[in-house]
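S.K.: A single structure is presented below for examination.
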Amino acid sequence: MSGAEHDFGAFVAARATTLLRVAYLACGNEAEAEDLLQTALERTYRNWDRVRHDSPEPYVRRVIINTAISRARRRAILSIIPMRILPERPARSTDVDLRHLLMDALRDLPPRQRAVVVLRYWEDLSEAQTAEVLGCTVGTVKSQTSKAMAKLRTALGEASVEGVIGNAHA
C-alpha cells in the first residue's frame, strides 16, 4: 500500500462517521446517504494527490452537497414526467418525534437551503466556511439561511425551531 493510499484510508477511518451524518442530513435517507458518501469518497480518492495537501474534509463535504443537490434536481425533473402507475408512498409514522418532524421539514426544503442548514447548524460551519463549501457568496448563505429558517418556522412553529435543531443535533 502506498503512502497516499494509507493517508486516504486514515482520513476515511477518522472522518467517515461525520461525513455520513452530513450526507444523511443533506438527503434525509440512510441508504442514499451511504451512496452519497461512497460517491464523494470515490471522487476524492481520484483527486487525492491534489486534495490531501489542502484540507480534504471541506472538499468531501462539497462533493456530498453538490451530489445531493444534483440528485434532488434530477428527482424533481423525473417527478414532473407523467407515469402510468403512481409510485407507492410509505405510510407516515404515527409516532410524532421531534427528530422525525425536523427531518420531514428538512426534506421539504429546496436542496440548497437544506445544504445551508446542515452545514451551518449541524456541522457548525461559519457563514464564510459554508459559502466556501457551496461555492457561493456569504450573502447567498445568509439569504438561503433566512429563507430556510422561515420555512422551518412555518412547518414546525416559531418557538420550536431552535429547540428542535438543538435536540436533533444532540
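The values are calculated or read from the model by the stated rules, or taken from the named source; none is laboratory data. The structure displayed is predicted, hence computed values, not measured ones. Note that we place each Cβ from the backbone using ideal geometry, even for glycine, and neighbour counts take in every protein chain shown. Note: areas computed on protein heavy atoms with side chains; ligands, DNA, RNA excluded. Shrake-Rupley method; radii C 1.70, N 1.55, O 1.52, S 1.80 Å.
S.K.: Scan region 108-139 for residues that are out of contact with any helix residue (DSSP H, G or I) (no Cβ under 7 Å at 6 or more places or on another chain) and in a helix (DSSP H, G or I) and jot them down.
M.R.: GLN129, GLY139, listed by residue number.
S.K.: Here is a check on your reading of the model: is THR39 free of Cβ contacts under 8 Å to residues at least 60 places away in the same chain and crowded, with 20+ Cβ neighbours inside 10 Å?
M.R.: no
S.K.: Looking for whichever is in contact (Cβ under 8 Å) with a residue 60 or more places away in the chain, in a helix (DSSP H, G or I) and crowded, with 17+ Cβ neighbours inside 10 Å here; the options are ALA72, ALA26. Which one fits?
M.R.: Sole residue among the options that is in contact (Cβ under 8 Å) with a residue 60 or more places away in the chain, in a helix (DSSP H, G or I) and crowded, with 17+ Cβ neighbours inside 10 Å: ALA26.
S.K.: Being within 25 Å of THR18 (Cβ to Cβ), open to solvent by less than 60 Å² (accessible area, probe 1.4 Å), among the hydrophobic types (A, V, I, L, M, F, W, C) and modelled with pLDDT of 85 or more is the requirement here; does LEU134 meet it?
M.R.: Here the answer is yes, as LEU134 does meet what is asked.
S.K.: Now for a different question. Checking GLY139 against (1) exposed (fewer than 12 other Cβ atoms within 10 Å of the Cβ); (2) within 18 Å of the chain's Cα centre (by Cα); (3) at pLDDT 85 or above: exactly one of these is not met. Which one?
M.R.: (2)
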